[in-house]
Each structure stands twice: as structure tokens, then as C-alpha cells.
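Shown next, in C-alpha cells, is the structure this report addresses.
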């Protein structure tokens, strides 16, 4: 975990250059925790709640090609495997994401260190930690899946969000810039509805990027205003520390995200 004295990128600075691994944690002087993210869509403003970007299609349960051990250290990688995919990710698009291959009984998983441009016929990508030799499956004997880091390409939470919230912007962030997103501790929050200090808050179903009081009514799955909640919106993301009484205002929330 980084601190102010060890971080390659100051907490309140955004960068056009990637300076840390996605998901890296940073703890500030008062114990608030941030994760290293990339803004993947519209420019972010202070207090906007962000969710994981849409996962790339055709990257799960793919044919595993030519599993092999590597002695080189391309981008810090250890083991190398090659898979056939239905799309062609750009270089390092999956870096810091997850790879899992084999069966539950004999498979292994690991974080991806980096990769070259992956073609439909398969290109090597490297894992951060080497795969044990006795766990490497035989060629063609199994399947492999990869997924982009949830902190790579975050987007403002949608009113019908279907993916988990991952961070909260605490300052403006241009598109495709890298930043530290708040995950735990007190911070500014875009709010919708009348929020009272102490309220649990959840993603809003009517204002993108905002939080609203977590009050479920009958029937289950609706909010206090009768809006339909997706499963991702039925879990609180924090508790209000300061009342916010005007719509789409900025309140103060004690956040608790993964």
C-alpha cells in the first residue's frame, strides 16, 4: 500500500501516464483508502460514484493454447500462456486483470502482468506470479478466462447499473486519465434526494453517479420513490456523515467499498 511518502503519483493529481498497477491501494494521513484507477468514459466530477466498466466479450472459457513456462521477465511476468479469443485487445489492455485456467480441482489463477496485442489466433500474456509446473495443463486439455481489472476504465454509475461500484472521484478527472479513487473513509458525494446524517446510502436509480438513501419498500426491489433497483443497487455503499437536502447536491459520506 502506498502512502504520501511512497506514492509515484500524488493523491490529488491526475495523470495521462499510468504510474501504478490498477487496484493498488493508497492510505492517506487520516486513514482514508484509495485505489488506482483509469477513467474510461466521460469526464468525472467531484463526488461521482463510479462502477466497473463493461467486461469484454469472448474472453471467458476460451481455448487454452500451448501452455508453457517462461524464463523471460516481460513486464515483470513469470509464466506465459496463450489463448484464442474472439476479440483483439490492445497491448496491456488486460494488465493487472485476472486470468484463470484449468478445472476447479487442478487449475490456477493469477494477476496478468502484461501482454502484447492479442489476436484471434492467440498471443502470449504473462502472469505476475509463475504458474507451478505441476499445475500447467496439457495443450488443448482445458479452458482459460481473462477479465480486465475492475479499476481499469471505470465509468459513472448508471441509473440501471448492472456492475459493482468500485470508487468515488474526489476531484475532476479527464477521460482516459489515471487517478486515485476513494474506496473507504469520509469523502464528498454527489447526492440525490433528502439524505439525513446517519442514513445508509446506495447508488441512485434516477441520477447517474449519485447516492441516495438506502430505504427499501414493499415490494422488495424498489426504492422510497418507487424506482426499480437492480441487484447492484440493493447494497449500501456507505453512510451519510452530513445531511444533504437538495437534489444532486454534494454531501459527505463515509464510504465502504471493496
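Matching residues to (1) crowded, with 19+ Cβ neighbours inside 10 Å; (2) modelled with pLDDT of 70 or more; (3) in the same structural domain as residue 40 (by TED's automatic domain parsing); (4) under 16 Å from residue 18 (Cβ atoms):
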position: 139; (1), (2), (3), (4): no, no, no, no
position: 143; (1), (2), (3), (4): no, no, no, no
position: 170; (1), (2), (3), (4): yes, yes, yes, no
position: 175; (1), (2), (3), (4): no, yes, yes, yes
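Regarding the range 178-186, can at least one residue be identified that is modelled with pLDDT of 75 or more, in contact with a helix residue (DSSP H, G or I) (Cβ under 6 Å, 6 or more places away or on another chain) and crowded, with 16+ Cβ neighbours inside 10 Å? There is no residue in the range 178-186 that is modelled with pLDDT of 75 or more, in contact with a helix residue (DSSP H, G or I) (Cβ under 6 Å, 6 or more places away or on another chain) and crowded, with 16+ Cβ neighbours inside 10 Å. Is it fair to say residue 160 is farther than 28 Å from residue 1 by Cβ, in the same structural domain as residue 48 (by TED's automatic domain parsing) and modelled with pLDDT under 80? Criteria met by residue 160.
Taken over the range 155-173, the criterion of being within 10 Å of residue 49 (Cβ to Cβ) and part of a loop (DSSP other than H, G, I, E, B) is satisfied by 157, 161, 169.
The values are calculated or read from the model by the stated rules, or taken from the named source; none is laboratory data. Just so it is clear, the model here is predicted, and its values are computed rather than measured. For neighbour counting, all protein chains shown are included, and Cβ atoms are generated from backbone atoms with ideal geometry for every residue, glycine included.
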